[in-house]
Structure formats: C-alpha cells, structure tokens
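Single-structure report; data block below.
The values are calculated or read from the model by the stated rules, or taken from the named source; none is laboratory data. Not measured: the values here are computed from a predicted model. Please note: Cβ atoms are built from the backbone with ideal geometry, for glycine as well, and neighbour counts cover all protein chains shown.
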Amino acid sequence: MIIGLVGAPSAGKSTFFKASTLSEVEIANYPFTTIEKNEGMAYVKIDCVDKEFNTQCNPRFGQCLDHKRFVPIKIIDVAGLVPGAHAGKGRGNQFLDDLNQANALIHVIDVSGSTTTEGEPVAPGTQDPVEIIKFLETELDMWYLGILEKGWAKFARQVQQEKLDINKSIAKQLSGLRVTEEIAKEATRGLSKQVQSWSEEDLITLAKALRRITKPMLIAANKIDIPGSKENLEKIKKEFPDHIIIGCSAESELALKEAAKKDLIKYIPGEDNFEILNKDKLSENQQKALSFIKTNILEQFKTTGVQGCLNKAVFDLLEMIAIFPGGVNNLTDKNGNTLPDCFLLEKDSTALDFAFHLHTDIGKGFIKAINVKTKVSIGKDHKLNNRDVIEIKTRA
C-alpha cells in the first residue's frame, strides 16, 4: 500500500514527509525543492490488542508505545504540482508518473494562504486555499482525461463494432490505473451505452469519476499555526463538505519527533501532549518551541494532525482493517516475540483471504480459522473485523 503526498510547491509536503518518516530530505521555502520523488516508511496508529491479553507485544516491523501499535505503510513525496502540470508545465509529467503507483493521496495545502499556486511566498492570507484545492483536482482530472483520450476514437469504434462490454473494455484499457470492471461500471453510470456518441464533456465526467474512485484523496490543511489559518480551515470545510479535511502542522510534528528521538521528550504521535524528560538538556530556543507547540497546536487542535491524516487515508479512504496473526494457546512466534505482526487488509476480507495473505501454501492448506479473542472457530468465508487476532489451521 502506498500513500502519495501531493500539492503545490512549498506547501509543506517535504516537511510532512519527514515528519511522517524521519527520513533525511531537503526542506526549503522555494519552489521545486523536491525534484525526484522521496520514498519512505510512515506508520498508521491503532490500539494494540496486546493490552487485551495482559501482555506486551514485540513488533517485527514498526513499534508499540503504551499499547499504541504503529503499523508501517509506504509513503511517497512527489514534485510540486503547478497549474498546467498535466500538459508538462513545471515537473508535471514526472509528478504524474510517480503518482500512478499511489493507492490514496494526501493533498498538502498551505492553509495560511502564504504561498501561491506556483509556490512563490506571499503575505499570509493573500492566496485563497480554495483555489489551490480546485486547481490540483483539475490537474488530476485532466491527467486522467489525457490517458482516456489516447486512442479513444479507435477504442470507441472497436467497442461499438464488435459489441464489446464497455466496462470490461475500459477496465482492460486502464488496468495500469487499477481500474476494474466494477470501478468502470460505477464510473460510467449515467453515460450512454453508445460510446462513439460520447462528447468531450462525457469523457471529462468519466475521467473525474475514475480519478475519485482510484485515487481517493484527503486534504491536509498545513501551517495551521500561522495567524489566519484557522479561519481559512473553516472556509474550506464549508466549501468542500464532502472532503476529509484535517488541520495540521507538519513542522510541529517534526519538531516533536526529533525531540523524542533524542530522548528530550516522551511523545506518542497523534496524542495531545508530551512529557519533557530532561529540561536541563533543552536549549532556551527548544523550550520556547515546545511551549509554542503545546499552547498553539496541541491545546487548540488536540493533535498536530499528521498522524490523523495517515490514519484517515488508510482506514477511511481505503477502508483497510488491521489483522493480527496469533494462536489461541500461544501468541509468540518461534523467536519468542509476542504478537510480532500486524497486517493491513481490505475491508470485507475473509479468513481465507488472510490465510493467502500470510502465504500461498497456508491459503491452499486452509482448514479453518479461530478467532483468538473469542476462541470461536470460523470458516473460510467469515469476514474479519478490524483488530481481530486470527489463528489459521492448515492440513499437515
């Protein structure tokens, strides 16, 4: 699973990326700081099941802090997008190529209105963030339209003459964008079955629908600590009521994580507070910065917003569920690690789906599964729930 970070230059994408991954990336307040995409490991946060078993887990990947489990996901930060990117302006072509692999998007915007669509700095409140959101969605839609239009006349003629199923045909043509027959069916709802009669407007309608389904997106309203941002946040929430919009301060999250990494504070990402471990080791500037974050971010917004964006992207946009493998009589692996793994699966995944996710041979040898929490046996078609702990029984 891959989450892509998108946005205009200088909106704070690279800061958001670094705050999510603590990877070393260049951060600067000028357009196109990011030239090539950055890839790293971020984490979604869930309540760990170990507490329910009165134990402490030992994750092989990620970590567990105070029974909060952090499960790894891949995240990419691509070059900034400017108006006309779909036609090659800026680094648009490279941006769109990099973006293709993402399952969902987080659109990082400068909600303070202090950078233009081109990434140039202006006085806070000068740039309307509503326009920033609109232009980026238009660029993505036009990107999809461009892909659709390649060879469309020939494609439509073939579908019409050979009486092919339009949804199967669209799915085949756009398989690289993860378009399935079901997705195509949903996207073409309301359009004529006579594809040769489709107008440019019909194709744009189809492109928009396909983009929204295959690249679901939420908005990270970044730089929420700058005066005027709070009012802009409320404005865009009213303008885009169907969007998930989260106020955030990537810079504050990065500062807290860096301080925690150096054992200066105890901080659990996504929480509304932190604990200073050794005040004597903090410089005067560090103390002022932490005080500012506590007063202006955590006390006002209850979170920096970064962790919330990651969680919403995975669990709300993509509707994933977290499943733990374990045994009724033993929660440890051969190395003695307790509940070492946690996997993210699609909603409505079955016990058999989970078995195949673990290993093809486990799926092929599936006999039954056991819900470790309830100790009840379940069949292969049983749909799993978020935070289930499942034991798989196989043929010897």
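Exactly one residue among Ile321, Ile245 is in contact with a strand residue (DSSP E or B) (Cβ under 9 Å, 6 or more places away or on another chain), more than 28 Å from Lys51 (Cβ to Cβ) and modelled with pLDDT of 95 or more, and that residue is Ile245.
For the range 214-228: of the residues being buried (at least 23 other Cβ atoms within 10 Å of the Cβ) and of a type in the set (Gly, Ala, Ser), which is nearest to Ile297 (Cα to Cα)? Looking at the filtered set, the residue picked out is Ala221.
Residue-wise test of (1) over 21 Å from Ile109 (Cβ atoms); (2) in a helix (DSSP H, G or I); (3) in the same structural domain as Phe16 (by TED's automatic domain parsing); (4) in contact with a strand residue (DSSP E or B) (Cβ under 7 Å, 6 or more places away or on another chain).
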residue	(1), (2), (3), (4)
Leu233	no, yes, yes, yes
Lys238	no, yes, yes, no
Pro241	no, no, yes, no
Gly270	no, no, yes, yes
Asp280	yes, yes, yes, no
Gln300	no, yes, yes, no
Thr303	no, no, yes, no
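Only one of the listed residues (Gln173, Gln158) is surrounded by fewer than 16 Cβ atoms within 10 Å (Cβ to Cβ), outside the structural domain of Ile245 (by TED's automatic domain parsing), among the polar types (S, T, N, Q) and modelled with pLDDT under 95. That residue is Gln158.
In the range 216-229, what count of residues is obtained for those that are of a type in the set (D, E, K, R) and modelled with pLDDT under 95? Residues flagged as of a type in the set (D, E, K, R) and modelled with pLDDT under 95 within the range 216-229 amount to 1. If only residues of the range 170-228 that are in a loop (DSSP other than H, G, I, E, B) and among the hydrophobic types (A, V, I, L, M, F, W, C) are counted, the one that is nearest to Val314 (Cα to Cα) is Val179.
For the range 1-31, the tally of residues that are assigned to a loop (DSSP other than H, G, I, E, B), at pLDDT 65 or above and either among the hydroxyl-bearing types (Ser, Thr, Tyr) or more than 12 Å from the chain's Cα centre (by Cα) (or both) stands at 8.
Among the conditions (1) loosely packed, with under 12 Cβ neighbours inside 10 Å; (2) in contact (Cβ under 8 Å) with a residue 60 or more places away in the chain, Ser283 misses just one, which is (2).
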